[in-house]
Every structure is written in C-alpha cells, then in structure tokens.
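Working notes, beginning with the structure itself.
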Amino acid sequence: MSGEMDKPLISRRLVDSDGSLAETPSEGPKVGILGSGDFARSLVTRLVGSGFSVVVGSRNPKRTAGLFPSAAQVTFQAEAVDSPDVIFVAMFREHYSSLCGLSDQLAGKILVDVSNPTEQEHLRHRESNAEYLASLFPTCTVVKAFNVISAWTLQSGPRDGNRQVPICSDHPDAKRAVSEMVQAMGFMPVDMGALVSAREVEAMPLRLLPGWKVPALLALGLFIFFYVYNFVRDVLQPYVRDGKSKFYKLPVSVVNTTLPCVAYVLLSLVYLPGVLAAALQLRRGTKYRRFPDWLDHWLQHRKQIGLLSFFCAALHALYSFCLPLSRVNRYEVVNLAIKQVRPARAAYQPPSAASGPAGALRRPPPDVLKTGEPGGAMPGLVDAAQGWGQETDARQLRVFEALQEEC
Ligand SMILES: NC(=O)C1=CN([C@@H]2O[C@H](COP(=O)(O)OP(=O)(O)OC[C@H]3O[C@@H](n4cnc5c(N)ncnc54)[C@H](OP(=O)(O)O)[C@@H]3O)[C@@H](O)[C@H]2O)C=CC1
Ligand SMILES: [Cu+2]
C-alpha cells in the first residue's frame, strides 16, 4: 500500500518542460469516454494525469477537441469505443439510447455509468440509470462508479473528506478493474455489491447533510415547545393576571430562556441511548445481539444531537453575554432618574384637613423649598406648584421603580 502512495499521480514523462500535459506514452492503459461535457473534461484531466491513455468519443469532435488536454485523443463515438476495454459513459440517461447503434462494437466491454439522476428522475424511474444502461446493452458489463464525485473534485484532486467512490456491478472482474483505476486516480473504492445497489448509490448525492434531518427536526420541535412554554409563563400570564405588557421580551429574553432548556434536553438525549443500550445488554446477558432499530438509529445520531446541543448552549452564552450590556445602560438611566425624584418624594406630604380648605396652600418642609422664600411674594402660588410637582414625581417614581425591577 505504501508503494502505491509513493507513486506520483502525474508521471514525470507526462509533463512538458512548460508544465503542460504532454503526449501520453502508448503503453498506458487505454480508456474510452463517451461525452464531452463538464464531467468528461474533468475525468480526462484526471485520467491523463494518472497515466492513462484516453480517447474521447464526441458527436462533434472538431468542436470539442480544443476543450481537452492535448494528451487526449478526441474523435467520433464509433472510433473512440473501438480499442479501449473500459468506456466511461459521461452522458445523461435520456441520451443512452442514442448509443444503441454502437451495440456491436461495445459488445464484451466494460461500461462505467457515472450518471446522477435528479430527485424527480430518481422517484420516477424504478430502475437505476446503471440497470437501464445494462438493459440497453446486454452484451456489456456495466459498473456504477464516480457518481458521488463532482467534476470539480475530479479536476482539483481528491481531498480527505470525499475520497470514497462507491462501486457496484454484477461482475467481480469488471468491478476489480474499475477499482484499480479508482485507486490509480487517488480515490478510495468502496465495494457496494451487485448492480441492484446502484439505486442506493445514485441516491447518495441527493441526500443533503445525511444524518442531520432527524436531529435538526428534534431540536426544532424542542425549541418550539419550550418557547411556547416560556411565552405563556413570562409574557402571557403577567399580561392576563396583572395586565402587564411584557411582549418586548419575545425576540430576546424568551429565546434566551428557551435555548438552555433545548441544550439540556438534547444533551440528555445524547447520553440516554448509551444507558438504555447498556441496560438492554445486561438484561439480555450478551452484547452480541443487534439492538432494536429505534435504538440503533438513536445511537447513530448521538454525534449530531450533541453538536446541536453545543450550538444551543453557545448561542445562549452569546445572548447572555450581550444582554447585560444593554441592561446596564438602561439601569444607569433609570437609576439617575430615581436619584432625582426620590428626595422630592420623601418630602411630599399628602394634603390634610389642617392644611386649610384649598389643600394646596400647605407649606412644604424647608429642605425641599430651598429656593422658595417662605412668606415671600405670592407664597401660595409657589406652594401649589410644588405640591402638584410632587404628586407627579411620586407617580414617576413608581414607574421608574417598576423599570428598575425589570432591569
Ligand atoms: N458535472 C458533474 O459534476 C457530474 C456529472 N455527473 C454525470 O455525468 C454525466 C455528464 O454530466 P455533464 O458532463 O455535467 O453533462 P454535460 O451536459 O456537460 O455533458 C453531456 C454530454 O453528453 C454528450 N451527448 C451524447 N449524446 C447526446 C445527446 N443525444 N444529447 C446531448 N448530449 C449528448 C455531449 O457530448 P457530445 O456533444 O460531444 O456528444 C455532452 O457534452 C451525467 O450523467 C451526470 O449526471 C456525475 C457526477 C458529477
Ligand atoms: Cu444560562
């Protein structure tokens, strides 16, 4: 294996002094490609770079020849399929039947189906594209491969994340030959069994973020549940019972109360299946029996559930860090207001019968009336104004104190 890894992907003889790909050595294994689209072009670049001799079959070779490295031979379809034993069909399913005229020349050869159906096509056709190709060319051996690799990955070379190439075919020898090519191109073949598995292999690229759907729906469900609960507890109940409007809490405060609830429940759902599995093994007295399906799936989703739990907790930490900043600001403003109003309130005396018929003509304590001149010009008017001011202040103070509680 280490010997394989030491081999350079592009052999020295294939690279010109100016760095471009030179003429292929005639002894390189010959591979045919039908089609001249994006995938065919990337495939050719990779194959040529891996030391293969490539011949491309196009309906219009004159038009397409310029798109390929000079090391590849571009010709008509009939000519291209003549000599190679392995032929890649880099075309869409609906055009497969246009190759039927080549049936005789293709007899006994290995056809590699690289196609990917769209979601609708996948649902519409009961048989996979590879099985359809095999039914059109019963004298050929069909191998399904490379469909999970994008044209871009083919061209830029395999990365660690997507090295695997699932392969399936009814003929072990053909599968082995294609597996060796896959390896020579720097990818890792994964045997998926017989050609009936092609449907499964073709569905792989259709799955967006496999394994995340159930955990994501679970997290969303939990979030909605706890959000509604916190909404009823923190917003709806104070509104109905005391008439207090706390709807401003909806976008930030209620969300921030909800996030840790979701994080905790998700975290417990990461550990719970392990405990259940251990209990089940103890009860059965063996660990060599399969878990029931529901537990098996649950165990497999632990990583995603754990990551979602971490995400909720991290978001909660961020919210909790940012919230006090705005609160401190609000608190300082309210505090300042209270400091200004409180002395006036302490000095306020409700009007009593002794203070005369008008009530407003009572005399405020001297510390409040610093600027007023007791007994000066128009004392009654000054008193009345200050009495009115104190009543307003008292009401404001109640509002401010309520605000301070909120902070
Ligand atoms: N692009 C990608 O990243 C990937 C593509 N694939 C699969 O590879 C196959 C080719 O894809 P791609 O290269 O992107 O597609 P393109 O449309 O770019 O190429 C399709 C090619 O099919 C050839 N062809 C042969 N007969 C016909 C016909 N009757 N009508 C139209 N075209 C015909 C054409 O070549 P010419 O005119 O020279 O005959 C054409 O260049 C598809 O099955 C796709 O699912 C799989 C994985 C990734
Ligand atoms: Cu917290």
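The values are calculated or read from the model by the stated rules, or taken from the named source; none is laboratory data. Small disclaimer: the values here were computed from a predicted structure and weren't measured. We place every Cβ from the backbone using ideal geometry, glycine too, and count neighbours over all the protein chains shown. Ligands, DNA and RNA are excluded from the accessible area calculation, which covers all protein heavy atoms including side chains. Shrake-Rupley method; radii C 1.70, N 1.55, O 1.52, S 1.80 Å.
Just to be sure, is L123 under 38 Å from the mean Cα position of the chain (by Cα) and free of Cβ contacts under 8 Å to residues at least 12 places away in the same chain? Here the answer is yes, as L123 does meet what is asked.
Cβ-Cβ distances below 6 Å connect the following pairs, each with a first residue in the range 318-336 that is closer than 23 Å to P260 by Cα, a second residue that is polar (S, T, N, Q), and a separation of six or more residues or different chains: Y319/N256.
Cβ separations smaller than 6 Å between residues 6+ apart or across chains give the following pairs from the range 92-117 residues that are assigned by the TED database to the domain that holds V165 to residues that are polar (S, T, N, Q) and loosely packed, with under 13 Cβ neighbours inside 10 Å: A107/T139.
From the list F137, F92, F88, the one residue that fits, being aromatic (F, W, Y), buried (at least 22 other Cβ atoms within 10 Å of the Cβ) and at pLDDT 95 or above, is F88.
Contact annotation: residue pairs with Cβ atoms under 9 Å, 6 or more positions apart or on different chains, pairing a residue in the range 55-69 that is free of Cβ contacts under 8 Å to residues at least 60 places away in the same chain with a partner that is within 7 Å of ligand 1 (Cβ to nearest atom) and open to solvent by 60 Å² or more (accessible area, probe 1.4 Å), are R59/S98.
Which of the residues that make up the range 244-257 are exposed (fewer than 14 other Cβ atoms within 10 Å of the Cβ) and in a loop (DSSP other than H, G, I, E, B)? The answer is K244, S245, P251, V252. Quick check on G306: is it open to solvent by less than 40 Å² (accessible area, probe 1.4 Å), out of contact with any helix residue (DSSP H, G or I) (no Cβ under 7 Å at 6 or more places or on another chain), in a helix (DSSP H, G or I) and free of Cβ contacts under 8 Å to residues at least 60 places away in the same chain? The answer is no for G306. Of the residues that make up the range 258-268, is at least one more than 16 Å from ligand 1 (Cβ to nearest atom), among the hydroxyl-bearing types (S, T, Y) and open to solvent by less than 50 Å² (accessible area, probe 1.4 Å)? Yes, that holds for at least one residue.
What about P215, is it part of a helix (DSSP H, G or I), touching a residue at least 12 places away in the same chain (Cβ under 8 Å) and open to solvent by 50 Å² or more (accessible area, probe 1.4 Å)? No, not satisfied.
Cβ-Cβ distances below 8 Å connect the following pairs, each with a first residue in the range 258-271 that is within 12 Å of H301 (Cα to Cα), a second residue that is among the β-branched types (V, I, T) and open to solvent by less than 40 Å² (accessible area, probe 1.4 Å), and a separation of six or more residues or different chains: L266/I305; L269/I305; V270/I305.
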